[in-house]
Amino acid sequence: MPLRGDLRLRLWRDGRWTRISVSDQGIGIPEEDAESLYLAFHRASNVGSLPGSGLGLAIAKQALDFHRGQISFHSEIGVGASFELALPLRQTPESWYGPLAPLS
């Protein structure tokens, strides 16, 4: 399947947060896959033969959890998906390190 549309990346400051938004005009993510989206090796049910390992979002979620960040997404089938990542701008050394989040 050929790539289509634009990939959009936005970065901005929102109070005490740095926010990153990534949007595409791809196939979208089915609603029934939303709960498992951040699990290691999970791939959406509509990817067919598109390449991928199902690790990208699991790794991103674990990194964001470690840094006390957040991730959310919105998707529409046939229109695309957008992900928003939020990272705190500054933390004290005492609050920076926390327990590692499991990949599952």
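The values are calculated or read from the model by the stated rules, or taken from the named source; none is laboratory data. All values reported here derive from a predicted model rather than from experimental measurement. Cβ placement follows ideal geometry from the backbone for every residue including glycine, while neighbour counts extend to all protein chains displayed.
Brief remarks on what is shown
- Checked against the criterion of being surrounded by 12 or more Cβ atoms within 10 Å (Cβ to Cβ), in contact with a helix residue (DSSP H, G or I) (Cβ under 6 Å, 6 or more places away or on another chain) and at pLDDT below 95, segment 83-101 contains one or more residues that satisfy it.
- Restricting the first member to segment 37-49 and to residues that are closer than 14 Å to Gly26 by Cβ and at pLDDT below 90, and the second to residues that are of a type in the set (Val, Ile, Thr) and part of a loop (DSSP other than H, G, I, E, B), the beta-carbon pairs closer than 8 Å and six or more apart or on different chains are Ala44/Ile29; Asn46/Ile27; Asn46/Ile29; Asn46/Ile77; Val47/Ile27.
- Residue list for segment 9-29, restricted to those being over 13 Å from Gly69 (Cα atoms), touching a strand residue (DSSP E or B) at 6+ places or on another chain (Cβ under 6 Å) and not hydrophobic (A, V, I, L, M, F, W, C): Arg10, Ser21, Ser23, Asp24, Gln25, Gly26, Gly28
So that you can scan it fast, the table gives a plain yes or no per residue for (1) within 13 Å of the chain's Cα centre (by Cα); (2) at pLDDT 90 or above; (3) surrounded by 11 or more Cβ atoms within 10 Å (Cβ to Cβ); (4) within 19 Å of Ile77 (Cβ to Cβ):
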| position | (1), (2), (3), (4) |
| --- | --- |
| Arg13 | no, yes, no, no |
| Arg19 | yes, yes, yes, no |
| Glu32 | no, yes, no, yes |
| Ala58 | yes, yes, yes, no |
